[in-house]
Amino acid sequence: SLNLNLTCIEILSFIKDVWVKYRELFKGANFWILGREPLDWFVKEASKSAGVKVLGWVEDPSPYIRMARVFVAPFKKTMGSLTKIVSAWSWGVPVVTTSLVAKGLRAEPGRHLLVGDNSEEILSSCLKVAMDDDLALRLSSDSYSFVMREYSLESFVNNFERWIREGLL
């Protein structure tokens, strides 16, 4: 689809403009790209960069999530996957994204995630999370509380019942 192509282009731009610089500082770092049926051209291009591993569909993403220091959604023209950010939060993984994506989440930048709208800002945010344990822990804790409050099944049920009572459904 056009959206998938655009998402792949944005990820390749992130790899070229951000990941390469990040990896110069953290030589052993890996950038895992998970998701069903990655496009062949994307796998070929993304795999050219050191530390980039396009895994495609994995039955259980938890081993990768547990090792992640930061989840990055560098999308400037597409929303990417908001549900993946919510999942990252539920695992306690700090998130770096753009203001476009953050806008769709009702999150508070600086508290629940870090925001950057160009390559330098995204790299700076990723480096902050990588080098500041206190910041990483605070983002992890605050975003986990946020996702449990705003996106949990209990929250959905409570909102659904309220919408019915208020005649919104």
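When both residues are 6+ apart or on different chains and their Cβ atoms are under 9 Å apart, which pairs have a first residue that lies in region 94-121 and is without any contact (Cβ under 8 Å) to a residue 24 or more places away in the chain, and a second that is open to solvent by 10 Å² or more (accessible area, probe 1.4 Å) and basic (Lys, Arg)?
Qualifying pairs under 9 Å: Asn118/Lys76.
Out of (1) under 15 Å from Ile33 (Cα atoms); (2) more than 12 Å from the chain's Cα centre (by Cα), what's the single condition that is false for Gly104?
Of the numbered conditions (1) under 15 Å from Ile33 (Cα atoms); (2) more than 12 Å from the chain's Cα centre (by Cα), the odd one out for Gly104 is (1).
Tell me which of these Asn5 doesn't satisfy, since it passes every other one: (1) out of contact with any Ser or Thr (no Cβ under 9 Å at 6 or more places or on another chain); (2) open to solvent by 30 Å² or more (accessible area, probe 1.4 Å); (3) closer than 23 Å to Leu137 by Cβ.
Only one criterion is unmet by Asn5, namely (3).
What residue, among those in region 8-27 that are touching a residue at least 12 places away in the same chain (Cβ under 8 Å) and farther than 20 Å from Lys77 by Cβ, is least open to solvent (accessible area, probe 1.4 Å)?
Per the criteria, the residue is Tyr22.
Looking at Lys53, is it surrounded by fewer than 17 Cβ atoms within 10 Å (Cβ to Cβ) and under 18 Å from Leu4 (Cβ atoms)?
No, not satisfied.
Could you list all residues from region 136-160 that are in a helix (DSSP H, G or I), open to solvent by less than 90 Å² (accessible area, probe 1.4 Å) and without any contact (Cβ under 8 Å) to a residue 24 or more places away in the chain?
Of everything in region 136-160, those that are in a helix (DSSP H, G or I), open to solvent by less than 90 Å² (accessible area, probe 1.4 Å) and without any contact (Cβ under 8 Å) to a residue 24 or more places away in the chain turn out to be Ser145, Ser155, Val157, Asn158, Asn159, Phe160.
Name the one entry in Ser87, Ser49 that is closer than 20 Å to Val18 by Cβ and small (Gly, Ala, Ser).
None of the others qualify; the one that does is Ser49.
Given the criterion more than 15 Å from the chain's Cα centre (by Cα) and at positive phi, identify the matching residue among Glu37, Glu150.
Glu37 is the lone residue from the list that is more than 15 Å from the chain's Cα centre (by Cα) and at positive phi.
What's the number of the only condition in (1) open to solvent by 60 Å² or more (accessible area, probe 1.4 Å); (2) out of contact with any Phe, Trp or Tyr (no Cβ under 9 Å at 6 or more places or on another chain); (3) modelled with pLDDT under 95 that Asp132 fails to meet?
Answer for Asp132: the failing condition is (3).
Can you say whether Val58 is part of a loop (DSSP other than H, G, I, E, B) and not basic (Lys, Arg), as far as the supplied structure shows?
Answer is yes for this residue.
Regarding Ser124, is this residue small (Gly, Ala, Ser), at pLDDT 90 or above and either exposed (fewer than 12 other Cβ atoms within 10 Å of the Cβ) or over 12 Å from the mean Cα position of the chain (by Cα) (or both)?
yes
Restricting the first residue to region 35-58 and requiring it to be farther than 14 Å from Phe14 by Cβ and touching a residue at least 12 places away in the same chain (Cβ under 8 Å), which pairs with a second residue that is part of a helix (DSSP H, G or I) and open to solvent by less than 60 Å² (accessible area, probe 1.4 Å) meet a Cβ separation below 7 Å and a spacing of at least six or different chains?
Leu39/Cys8; Ala50/Arg23
For residues that are part of a helix (DSSP H, G or I) and at positive phi, tally how many sit in region 61-85.
Of the residues in region 61-85, 0 are part of a helix (DSSP H, G or I) and at positive phi.
The values are calculated or read from the model by the stated rules, or taken from the named source; none is laboratory data. Predicted, not measured: the structure shown is a model, and the values here were computed from it. Counting neighbours? That spans all protein chains shown, and the Cβs are built from the backbone with ideal geometry, glycine included. Accessible surface is based on the protein model in full, side chains and every heavy atom, while ligands, DNA and RNA are left aside. Shrake-Rupley method; radii C 1.70, N 1.55, O 1.52, S 1.80 Å.
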